[in-house]
């Protein structure tokens with residue numbers, strides 16, 4: 001969760017995305033050496049991943065600027081559109097997809113597609129794309145941050161609702177307790193430490209970004225190791241990948257066009273429309289991976305559950321980067 005200036009207009013740069021390459025790399029590595037990160041392996045994933053989750057959210061808290069957040073509080077129509085889309089429209093689409101799919105796809109993949117729909121929006125990339133496209137950066141900061149905080153509570157309830165409909169039970173009391181312990185508490189402690197750490201966090205922002213992404217790669221690696229070692233992927237191959245890619249792409253474009261249409265119907269300013277489109281159509285891998293570790297603890301099919309958000313993350317970054325560049329060039333021409 002990076003603080004953002006309401007006036008910053010970063011230039012669009014083409015660069016190698018090491019994180020997306022890293023995701024592909026750790027998944028491939030898990031297929032070759034699954035024993036290392038599986039349960040009982042020498043990496044001790046049960047301890048390592050929870051410590052990593054706490055570290056991610058501590059760094060998010062230390063990097064969370066309420067001054068930037070406060071600057072975006074006034075545009076309530078924008079905030080309502082983004083939050084209703086994130087936690088209302090998206091999950092309803094997910095429910096429809098689960099109903100249509102029925103028993104035709106693997107249960108863990110079906111749950112993963114709904115989990116994607118129930119997740120909060122991204123923070124840093126939504127703000128960065130909005131800034132590049134000359135949108136309302138303060139509004140993007142507010143919506144993306146608020147979405148992450150709300151998601152800690154709303155996402156588990158959506159998952160519990162779906163599991164109950166399938167005859168399963170999610171122990172919400174224990175899950176919410178774990179989320180508070182491993183996500184909310186480190187986030188609060190990180191923010192309380194800002195008087196001492198803010199300058200350090202700002203000075204070493206790139207290194208902290210690397211640590212944050214490195215922990216996510218570690219969690220993805222151990223999740224796939226456990227699934228491969230448990231035989232979850234036996235008999236599943238390119239068909240699962242192609243299906244997930246097609247559904248993720250369709251979902252992204254459907255929500256993107258829907259949010260854009262609503263913003264135009266409500267006669268939002270161009271800056272607010274841009275912020276609404278980027279915040280309302282994106283889903284957070286940075287929150288989704290740690291949250292999945294807690295919500296689906298002990299599930300050997302965790303890698304299948306995570307597959308949709310991993311693919312959606314790569315897809316949304318690619319399309320939104322192109323859109324941000326296009327809208328930025330149009331704004332300069334105007």
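Nothing in this text is a laboratory measurement; each read-out follows from the coordinates by a stated rule. Just so it is clear, the structure is predicted and the values come from calculations on it, not from any experiment. Heads up, the Cβs are rebuilt from the backbone with ideal geometry, glycines too, and the neighbour counts pull from every protein chain shown.
Within the listed set 106, 286, 199, the residue fluctuating most in the Gaussian network model of the chain (springs between alpha-carbon atoms under 10 angstrom) is 199. Here the stretch 187-304 yields Rg over Rh of 1.08, to two decimals, using C-alpha coordinates and the Kirkwood radius. Between residue 99 and residue 319, the C-beta separation translates, for a Förster distance of 45 Å, into a calculated FRET efficiency of about 0.95. The stretch between residue 199 and residue 80 holds 39.5 nm of extra length on full extension. This uses 0.36 nm per residue minus the Cα-Cα distance. Computed over the chain with a Gaussian network model linking Cα atoms closer than 10 Å, the most mobile of 150, 274, 200 is 200. Please build a GNM for the chain, connecting alpha carbons under 10 Å apart, and tell me which residue among 120, 77, 156 fluctuates the most. Between 120, 77, 156, it is 77 that shows the largest mean-square fluctuation. When 283, 205 are arranged by Cβ crowding within 10 Å, least crowded first, meaning fewest neighbours, the order is 205, 283. In the stretch 30-130 the Cα-Cα distances spread across 5 Å bins starting at 0 as 2, 9, 11, 13, 15, 16, 16, 10, 5, 2, 0 percent of all pairs. Axis angle, to the nearest 10 degrees, between helix 238-265 and the longest C-alpha principal axis of the chain: 30 degrees.
For 225, 263, the sequence from fewest to most other C-beta atoms within 10 Å is 263, 225.
Using the rule -39500 (n - 2.57) for each DSSP H run of four or more residues, divided by the residues of the chain, the 222 nm mean residue ellipticity is -24000 deg cm²/dmol.
Over all pairs of different C-alpha atoms in the stretch 95-157, the reciprocal of the mean inverse distance, the Kirkwood hydrodynamic radius, equals 13.4 Å. Taking other C-beta atoms within 10 Å as the exposure proxy, 267, 39 rank 267, 39 from fewest upward. According to the Kirkwood relation over distinct C-alpha pairs, the hydrodynamic radius of the stretch 57-211 is 17.2 Å. Taking the convex hull of the alpha carbon positions in the chain and averaging its projected area over all directions gives 16.6 nm².
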